[in-house]
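Remarks on the structure that follows.
The values are calculated or read from the model by the stated rules, or taken from the named source; none is laboratory data. Keep in mind that this is a model prediction, so the values were computed, not measured. A quick note on method: Cβ atoms are made from the backbone with ideal geometry, for glycine too, and the neighbour counts reach across all protein chains shown. Side chains included, ligands, DNA and RNA excluded: accessible areas come from the protein's heavy atoms. Shrake-Rupley method; radii C 1.70, N 1.55, O 1.52, S 1.80 Å.
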Amino acid sequence: MPNIDWNKLGFEYSPTACHVRATFKDGKWGRLSLKKASTINMSIAATCLHYGQACFEGLKAFKCKDGKVRIFRPEENMKRMNDTAKYILCPEIPPDLFIEAVRKVISANMDYVPPYGTGGSMYVRPLLIGTGPRIGVAPADQYDFIVLVVPVGAYYKGKIKPVDAIILNGYDRAAPNGTGHIKVAGNYAAGLHASNIAKKMGFPIVLYLDSQSKQYVDEFGTSNFIGITKDGEYITPDSKSILPSITNKSLQQIAKDMGIPVVRRQIAFREIAKFAEVAACGTAVVITPIGRIVFGNKILEYDQEKCGPTLKKLYDGLTGIQYGEIPDRHNWLMEMK
Ligand code: PLP
Ligand code: COI
């Protein structure tokens, strides 16, 4: 058993027993293999290094109340990874290969799945990168599909304690017809500068408005934006430049199941001051409530002490399904044998 203090886990990389890898070469995918080393060898001219040909995903596996390990909606990540792959001209991952890779890497690292009751989970990170060499800008002729795992706790310290967000003038994450709707590594590089400024100012999370008009809410650098209106509606932005979040999609279903109306539409920045509750949602951040949003000299304030009641109900609904405490009525969980 690895020597891990499960209750102290944050969202940090740590090596595990192994990862899985398959290579695409000569027009076809090779077999998956388990690799103990946590390093890879590639051409110094690999397209992932020079031209950002890198797609990634994030999903989680949970040690459930009954002791079994279950993976949350892996097919959704498989579809999204292939949407990213198509856009940046990488070969798609055959659905069975994706699922087999996720199962195989979890199975080989079972000792690293945080125990039930610690609030931790196993973060699964699929990665598809161009490893063949090019010096002109063009897609590679060789790719590696890697799935690694990391035991994780909360992304932002304090789990479900509100964090403060900032909107920074002069920084965009995604262009109107750019790559915000897919999960390419470059989107995160594009956000590092703003996120560094925000952190230095004491804001752990950056909220982005749409890059064109700066009137509408897009999403956070790490996650989607959700709000609860004073009328008790679940509201979330409709935008071409945001990542279609699997957590958001799941929460919308859970909200509907609870009789909470769900609205997806453009959300003007001036509207959100009136929202009763605001949060970030995503695999890594789960539901992270937002206490304040600062934009220039405007400060929007929500509950700064605790998660609002509707978001808490949704949080409990989602994590209850993930940890096997609530029936999985939509068949979202895939059990590990
Ligand atoms: N938006 C961005 C920019 C993200 O990086 C993520 C995380 O993957 C999300 C939203 C949430 O997506 P999901 O719920 O599928 O993890
Ligand atoms: C995830 O939620 O899985 C992500 O990839 C977001 C990232 C900021 C860790």
Inset, instruction - Return one number: the angle in degrees, 0 to 90 and rounded to the nearest 10, between the long axis of the Cα atoms of helix 74-87 and the longest principal axis of the Cα atoms of the chain. - result: 80 degrees
Legend entry - Amide H contacts under 5 Å for Ile205, placed H, 5+ residues apart: Ile166
Inset, instruction - Enter the angle in degrees (range 0 to 90, nearest 10) between the Cα long axis of helix 185-200 and the first principal axis of the Cα atoms of the chain, meaning the one along which they spread out most. - result: 40 degrees
Inset, instruction - Note down the net charge around Gln142, summing +1 for each Lys or Arg and -1 for each Asp or Glu among other residues with Cβ under 12 Å from its Cβ. - result: 0
Legend entry - Check: region 163-322 dipole with +1 on Lys, Arg Cβ and -1 on Asp, Glu Cβ, in debye: 200 debye
Legend entry - Prolate/oblate/rounded call for region 150-202, Cα gyration tensor, a/c under 1.5 rounded: oblate
Inset, instruction - Just check region 105-203 against the gyration tensor rule for me: Cα atoms, a ≥ b ≥ c as the square roots of the eigenvalues, rounded for a/c under 1.5, and otherwise prolate or oblate depending on whether a/b exceeds b/c. - result: oblate
Legend entry - For Tyr123, net neighbour charge (Lys/Arg +1, Asp/Glu -1) across residues whose Cβ lies under 12 Å away: 0
Inset, instruction - Using a 1.4 angstrom probe, figure out how much accessible area region 1-75 has per residue, in square angstrom, rounded to the nearest whole. - result: 59 Å²
Legend entry - Estimated 222 nm signal from helices in the chain, with DSSP H stretches of n ≥ 4 weighted -39500 (n - 2.57), rounded to 500: -6500 deg cm²/dmol
Inset, instruction - Identify the trypsin sites (Lys or Arg not before Pro) of region 185-230 meeting these criteria: DSSP loop state and at most 11 other C-beta atoms within 10 Å of the C-beta. - result: Lys230
Inset, instruction - Any aspartates and glutamates with Cα under 13 Å of the Lys157 Cα? List them, leaving off those in the same chain fewer than 8 positions away. - result: Glu12
Inset, instruction - Go through region 270-316 and name the GluC sites (Glu not before Pro) that are in a DSSP coil and have 16 or fewer other Cβ atoms within 10 Å of their Cβ. - result: Glu305
Legend entry - Net charge dipole size for the chain [Lys, Arg +1 and Asp, Glu -1 on Cβ; Debye, nearest 20]: 320 debye
Legend entry - Pairwise centroid distance, computed over Cα atoms, of region 291-320 with region 269-289, Å: 6 Å
Inset, instruction - May I ask you to derive the FRET efficiency for Ala189 and Asp231 from their Cβ-Cβ distance with R0 = 56 Å, giving the value to the nearest 0.05? - result: 0.90
Legend entry - Gyration tensor (alpha-carbon) shape descriptor, the chain, a/c threshold 1.5: oblate
Inset, instruction - State the Cα centre-to-centre distance between region 21-72 and region 172-241 in whole Å. - result: 26 Å
Inset, instruction - Give, as a single signed number, the net charge of other residues whose beta carbon lies under 14 Å from the beta carbon of Gln266, with Lys and Arg counted +1 and Asp and Glu -1. - result: 0
Legend entry - Solvent accessible area, Å² - Trp6, 1.4 Å probe, full protein context: 40 Å²
